[in-house]
Amino acid sequence: MKNLSILKYAFYAVFAFAFLYNCGGSSSEVEYEEVVLPTEGLITIVKEVEPEQFKIEDEVTIPNTEESLIVANYLDETSDTFTLAEARLMEANGYPGRSGSVMQAASYGFFGYMMMRNMSSARRPQQGAYTSKSAYDKTSQTAGQKLNQSASRTRRVKPSSGKSGYGSGSKSTRSFGG
């Protein structure tokens, strides 16, 4: 009787393993995704429209992505310039303070492509992020079209989890002790 019980549990284990293996996404179909990366840089000019509230005034393409800048024009008639590296650092740290408001406003426009890298998965700029409809239209028709036309496009195998990027969807864990 004891052997029958062991056999029964072994059968359940094999059945559970087979079920989990087949449901685990081991599909033979390979999915591809398009990766669209900007090959030109961008200078984004943001304007403070109310204290610590910024909107995009203009965006202009430049030849080199790493030379991308954000120019912030403040209500007190001063201005600051931020590099792409500074913008990425601020994004990683959660947009603190007045400078963070500048970065966040710029990221709602085409400058967001510089920070997010893959243009195909990034959201399109919205009219509300700009100082006016005419600023939005001008930027979309000039810088937006130029960035899209000059972008490099490649295909890659889509991760089996259906998410893009290394480690997407998982939480980072930290180990302490020996």
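Details
- Filtering the range 80-95 to residues that are part of a strand (DSSP E or B) and either surrounded by 13 or more Cβ atoms within 10 Å (Cβ to Cβ) or of a type in the set (Asp, Glu) (or both) leaves Asp80, Phe82, Thr83.
- Evaluation of Phe111 against (1) at negative phi; (2) exposed (fewer than 13 other Cβ atoms within 10 Å of the Cβ) (one fails), failing number: (2)
- Cβ pairs under 8 Å, 6+ apart, first in the range 84-105 and under 14 Å from Leu69 (Cα atoms) and touching a residue at least 24 places away in the same chain (Cβ under 8 Å), second in a helix (DSSP H, G or I) and polar (S, T, N, Q): Leu84/Thr65; Ala87/Ser107
- Checking each residue in the range 55-79 for being outside any strand (DSSP E or B), in contact with a Leu (Cβ under 8 Å, 6 or more places away or on another chain) and more than 23 Å from Gly128 (Cβ to Cβ) picks out Thr65, Glu66, Glu67.
- Candidates Glu34, Glu29 - the one that is at pLDDT 65 or above and loosely packed, with under 10 Cβ neighbours inside 10 Å: Glu29
- Check on Leu75, closer than 30 Å to Arg153 by Cβ and either open to solvent by less than 80 Å² (accessible area, probe 1.4 Å) or at pLDDT 90 or above (or both): no
- Number of positions in the range 43-70 that are touching a helix residue (DSSP H, G or I) at 6+ places or on another chain (Cβ under 9 Å) and either farther than 20 Å from Arg98 by Cα or open to solvent by less than 40 Å² (accessible area, probe 1.4 Å) (or both): 14
The values are calculated or read from the model by the stated rules, or taken from the named source; none is laboratory data. All values reported here derive from a predicted model rather than from experimental measurement. Because the Cβ atoms are built from the backbone with ideal geometry, glycine has one as well, and the counts that use them run over all protein chains shown. Ligands, DNA and RNA are excluded from the accessible area calculation, which covers all protein heavy atoms including side chains. Shrake-Rupley method; radii C 1.70, N 1.55, O 1.52, S 1.80 Å.
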